Amino acid sequence: MLGAGGLVAFPTETVYGLGADATRDDGVERIFRVKRRPLRHPLIAHFASLAMMRDWVELPPMAVELGERFWPGPLTCVVRRSARLSPLVSGGLDTLAVRVPGHPLARALIAAFGSPLAAPSANRFGRVSPTSAEHVRTDLGSDVDFVLDGGACEVGVESTIVDCLSEPGRLLRRGSVTLDELCAATTRAIEDASDTASGAPGTLPAHYAPEARLVLVERDQFAEAVARIAAQGARVGALLPPGRPRPAQAVHVIELESDPILLARNLYRSLRELDAHCDVIVASLPPEVGVGAAVADRLRRAAAASH
Ligand code: TXA
Ligand code: MG
């Protein structure tokens with residue numbers, strides 16, 4: 001199926017990916033068509049192991065250091081493009097994003113296929129990423145040839161992306177591997193570029209937005225904000241910070257976890273659930289500890305896309 005340019009959605013530890021043979025223009029092009037994603041938004045090439053990756057692409061020293069520490073796992077490195085992969089994967093750039101996913105089904109699939117899989121998150125462009133096989137089927141329906149069901153994703157937010165070609169290296173997208181952890185794993189310097197407009201191409205605010213309008217408020221103003229927006233006639237959903245009283249005017253309430261790992265794991269499922277019931281979602285930023293920083297990043301982008 002993959003060898004004929006087909007599309008297979010597969011689980012990773014972060015979110016589900018929509019995979020095609022990374023060496024075939026036709027398969028990779030279909031990813032863009034099915035996702036309705038602009039061709040200049042580059043994809044990530046997924047490998048079964050660091051050893052397999054080194055057979056296919058040349059890695060700069062920083063990618064080797066980081067890869068040895070974090071792969072298989074939720075890290076993506078930007079390296080130089082390889083002529084063996086379809087140029088479409090790189091979206092017109094001369095660089096390539098690569099990773100070894102941590103989910104055993106993903107690695108087994110890639111190892112059995114024998115070539116890297118190009119894969120973005122398996123959602124339509126502009127929707128929140130899928131963290132279950134059911135999310136993929138809901139978003140993509142019959143446009144995907146096969147959905148490999150590996151259960152709910154453990155991490156729940158997309159991988160950390162690091163540009164390993166620049167000096168210093170640059171953190172382009174926050175994920176569950178934090179800047180501190182990255183810096184501890186390499187002798188080279190890495191700076192945080194995840195907040196700036198010069199971050200990863202394609203990390204637009206709208207990438208992480210639910211369909212409902214997302215409004216960020218301070219924790220201690222949560223109940224008032226819900227009451228005010230509900231009074232305007234909107235169906236308000238609440239992503240309630242842990243320990244806060246349930247706002248009476250909300251039509252749907254999901255109480256957030258205080259453990260950042262559980263918070264990240266459940267984030268996109270919660271946004272999808274609220275989307276089904278509400279016009280407006282009220283949320284507060286979690287403490288930016290560990291993967292909490294990635295959750296805060298996605299919520300900020302979702303709120304910025306909501307205007
Ligand atoms: O966790 C993940 O990374 C998931 C799973 C499926 O692996 N994939 C994912 O893919 O989030 P996607 O397409 O939704 O996001 C990939 C992002 C692009 O939006 C872009 O920001 C960045 O990776 N990217 C890809 N190639 C790049 C390059 N050559 N230089 C800089 N950034 C790149
Ligand atoms: Mg995506």
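General observations
- Residue match in segment 110-128 (condition: buried (at least 22 other Cβ atoms within 10 Å of the Cβ), over 14 Å from the mean Cα position of the chain (by Cα) and modelled with pLDDT under 95): no
- Out of GLY73, GLY5, GLY17, sole residue that is away from ligand 1 (no atom under 13 Å from the Cβ), in contact (Cβ under 8 Å) with a residue 12 or more places away in the chain and either surrounded by 24 or more Cβ atoms within 10 Å (Cβ to Cβ) or not aliphatic (A, V, I, L, M) (or both): GLY5
- Inter-residue pairs, beta-carbon under 6 Å, first closer than 18 Å to VAL78 by Cβ and in segment 21-42, second more than 12 Å from ligand 2 (Cβ to nearest atom) and among the hydroxyl-bearing types (Ser, Thr, Tyr), 6+ apart: VAL28/SER86; PRO42/SER90
- Scanning segment 88-103 for residues that are in contact (Cβ under 8 Å) with a residue 40 or more places away in the chain and surrounded by fewer than 19 Cβ atoms within 10 Å (Cβ to Cβ), we see that the one that is nearest to GLY175 (Cα to Cα) is THR95.
- Residue match in segment 285-293 (condition: touching a Lys or Arg at 6+ places or on another chain (Cβ under 7 Å) and either at pLDDT below 95 or acidic (Asp, Glu) (or both)): no
- Any chance LEU165 is under 16 Å from PRO11 (Cα atoms) and of a type outside the set (Val, Ile, Thr): no
- Qualifying residues in segment 275-307 (those that are of a type in the set (A, V, I, L, M) and over 19 Å from the mean Cα position of the chain (by Cα)) - the one nearest to GLN232 (Cα to Cα): VAL280
- Of the strands (runs of 3 or more DSSP E) contained entirely in segment 93-205, those carrying at least 2 residues that are within 12 Å of ligand 1 (Cβ to nearest atom) fall at 95-99, 117-119, 160-163, 169-173.
- Members of segment 4-41 that are modelled with pLDDT under 95, among the charged types (D, E, K, R) and either part of a loop (DSSP other than H, G, I, E, B) or closer than 27 Å to PHE70 by Cα (or both): ARG36, ARG37, ARG40
- Residues of segment 230-244 that turn out to be at pLDDT below 95 and either in a helix (DSSP H, G or I) or touching a helix residue (DSSP H, G or I) at 6+ places or on another chain (Cβ under 8 Å) (or both), as a count: 1
- Filter result (free of Cβ contacts under 8 Å to residues at least 24 places away in the same chain and surrounded by fewer than 14 Cβ atoms within 10 Å (Cβ to Cβ)) within segment 209-247: ASP220, GLN221, GLU224, ALA231, GLN232, GLY233, PRO242, GLY243, PRO245, ARG246
- Test: SER90 is touching a Leu at 6+ places or on another chain (Cβ under 8 Å), hydroxyl-bearing (Ser, Thr, Tyr) and under 30 Å from ARG213 (Cα atoms): no
- The residue of segment 78-92 that is farthest from ligand 2 (Cβ to nearest atom), among those that are in a helix (DSSP H, G or I) and of a type in the set (A, V, I, L, M, F, W, C), is LEU88.
- Test for ARG40: is it of a type outside the set (S, T, N, Q), on the phi > 0 side of the Ramachandran plot and within 15 Å of ligand 1 (Cβ to nearest atom): no
- Any hit, segment 237-245, residues being closer than 24 Å to VAL136 by Cα, under 20 Å from the mean Cα position of the chain (by Cα) and not hydroxyl-bearing (Ser, Thr, Tyr): yes
The values are calculated or read from the model by the stated rules, or taken from the named source; none is laboratory data. Source: prediction; values computed, not measured. Here the Cβ is made from the backbone with ideal geometry for all residues, glycine too, and neighbour counts use every protein chain on show.
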